[in-house]
Amino acid sequence: MTKGNSKLIETVGVIGAGQMGCGIAQVCMVAGFDVVLTDANEKALKVSRELIERDLARQVSRNKMSDESMDEALNRITTAVGLDSHKGCDLIIEAVCENESVKKDVFAELDSFVSTDAIVTSNTSSISITGLASSISHPERVIGLHFMNPVPVMPLIEVIRGLATSDGTFAEIERFVEKLGKSLVVSQDYPGFIVNRLLMPMLNEACYALYEGVGTIEAIDRGMKLGTNHPMGPFELADMIGLDTCYSIMQVLHKGLNGSKYQPCPLLLNYVEAGWLGRKTGRGFYDYSGEKPTPTR
Ligand code: CAA
């Protein structure tokens, strides 16, 4: 269907069934879009579907959604393993891991079949949209669409215009964000954009404070929650985001902004190297195996 000279977004493709891709798929389904969710790993797709079903069922049990709306939303998602399942999508949201070469490979593959009037976006939290768009033959249709975690709860989407992004693409994305019931802020295309330019150095500084013995994990988290009204302490938040993601974003900031203040903390690297990546692996700055998270240092 077309509207003016631009296509109306009806079908959204989400690439990557990790915590961000899963949340993005969920909010799109609930907002009435047909969703195609793909991942290289069949098991990740199954887990995503179960998580979405569980979260929607919880909303029904709290009278925040009707049974009928939940069923309608669940009927709007299809899952598949291959990227070519996104052929008919009007909007594609790439949400694979925070690694530039992996993302560029995905964009290059999409370029071989995606329709020239489809909008291709990345949920990258720090990597240059202009750089990613260079892997695709219609860079004016490429834009950054950075959702916040947990996606169903957080009201913000950061929108990043690449150098070549057209006004038409931006206008379609503004309508899409509004239909999702979210608010947007526009960021220029520089490392970390707005949110992570500010947030990640704060989380990294918490790691330095721990590394240097300024306070314990619990003291630092408690200090920031009770002292500055943050809903979560920096270590709780870093564990939720994923320590590998935090580390990758700090590397992008350090490389792109070239200042020692962006040097990732060696302790953060230790956790990443240990595979203690936060909630998703059951252990990060906290251990999540018991009834209550307990600090790991
Ligand atoms: N998925 C879906 N819903 C979730 C959820 C999740 N992962 N986590 C919490 N919720 C829901 C809860 O079910 C609850 O819903 P109801 O009101 O319907 O009961 C609601 O959110 C509030 O949750 P809780 O009462 O359990 O806990 P809370 O009040 O402490 O809120 C929180 C939890 C929303 C996560 C809050 O602690 C918070 O806002 N934390 C900060 C999150 C944040 O900063 N996110 C941005 C991270 S940066 C980012 O994402 C960018 C990046 O690139 C790294």
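Cβ-Cβ distance below 6 Å, separation of 6 or more or different chains: which pairs start in region 148-170 with a residue that is under 18 Å from Leu91 (Cα atoms) and of a type in the set (Asp, Glu) and end on one that is more than 8 Å from the ligand (Cβ to nearest atom) and at pLDDT 95 or above?
These pairs meet every condition: Glu158/Val185; Glu158/Ser187; Glu158/Phe193.
Condition check ((1) touching a Phe, Trp or Tyr at 6+ places or on another chain (Cβ under 8 Å); (2) in the same structural domain as Asp34 (by TED's automatic domain parsing)) across all residues:
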site	(1), (2)
Glu158	yes, yes
Gly162	no, yes
Ile173	no, yes
Val177	no, yes
Gly213	no, no
Arg222	no, no
Gly233	no, no
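Being in contact (Cβ under 8 Å) with a residue 12 or more places away in the chain, more than 12 Å from the ligand (Cβ to nearest atom) and either assigned to a loop (DSSP other than H, G, I, E, B) or among the aromatic types (Phe, Trp, Tyr) (or both): is that true of Ser135 here?
Yes.
Output the helices (runs of 4 or more DSSP H) that fall wholly within region 7-126 and possess 1 or more residues being under 20 Å from the mean Cα position of the chain (by Cα) and within 26 Å of Ile249 (Cβ to Cβ), or say none.
Correct list: 19-30, 42-61, 100-111.
Looking at region 166-212, which of its residues are basic (Lys, Arg) and either under 17 Å from Glu98 (Cβ atoms) or within 16 Å of the chain's Cα centre (by Cα) (or both)?
Lys182, Arg197
Can you spot a residue in region 198-215 that is crowded, with 18+ Cβ neighbours inside 10 Å, assigned to a loop (DSSP other than H, G, I, E, B) and in contact with a Gly (Cβ under 7 Å, 6 or more places away or on another chain)?
No, that holds for no residue.
Please name all residue pairs, on different chains or six or more residues apart, with Cβ atoms under 9 Å, provided the first residue is in region 79-90 and is among the hydroxyl-bearing types (Ser, Thr, Tyr) and the second residue is assigned to a helix (DSSP H, G or I).
Cβ pairs passing all conditions: Thr79/Ala25; Thr79/Glu42; Thr79/Leu45; Thr79/Lys46; Thr79/Ser48; Thr79/Arg49; Thr79/Ser85.
Please work out which residue is nearest to the ligand (Cβ to nearest atom), limiting yourself to region 252-267 and to residues that are part of a helix (DSSP H, G or I) and without any contact (Cβ under 8 Å) to a residue 60 or more places away in the chain.
So, considering only residues that are part of a helix (DSSP H, G or I) and without any contact (Cβ under 8 Å) to a residue 60 or more places away in the chain, the one nearest to the ligand (Cβ to nearest atom) is His254.
Considering only region 138-172, state which residues are within 14 Å of the ligand (Cβ to nearest atom), part of a loop (DSSP other than H, G, I, E, B) and crowded, with 17+ Cβ neighbours inside 10 Å. Walk me through it before giving the result.
We begin by selecting, within region 138-172, every residue within 14 Å of the ligand (Cβ to nearest atom); these are 144-160.
Remaining after also requiring part of a loop (DSSP other than H, G, I, E, B): 148-155.
Correct list: Met148, Val151.
Quick one: in region 173-191, of everything that is in contact with a Gly (Cβ under 8 Å, 6 or more places away or on another chain) and part of a loop (DSSP other than H, G, I, E, B), which residue is surrounded by the fewest Cβ atoms within 10 Å (Cβ to Cβ)?
Checked region 173-191; the qualifying residue surrounded by the fewest Cβ atoms within 10 Å (Cβ to Cβ) is Tyr190.
Restricting to region 188-235, name every residue that is among the β-branched types (Val, Ile, Thr) and within 16 Å of the ligand (Cβ to nearest atom).
Listed by number, the residues that qualify are Ile194, Val195, Ile220, Thr228.
Limited to region 219-251, what total is found for residues that are under 21 Å from Val151 (Cβ atoms), part of a helix (DSSP H, G or I) and hydrophobic (A, V, I, L, M, F, W, C)?
7
The values are calculated or read from the model by the stated rules, or taken from the named source; none is laboratory data. Keep in mind that what you see is a predicted model, and the values were worked out from it rather than measured. In this analysis, Cβ positions are derived from the backbone assuming ideal geometry, glycine residues included, and neighbour counts consider all displayed protein chains.
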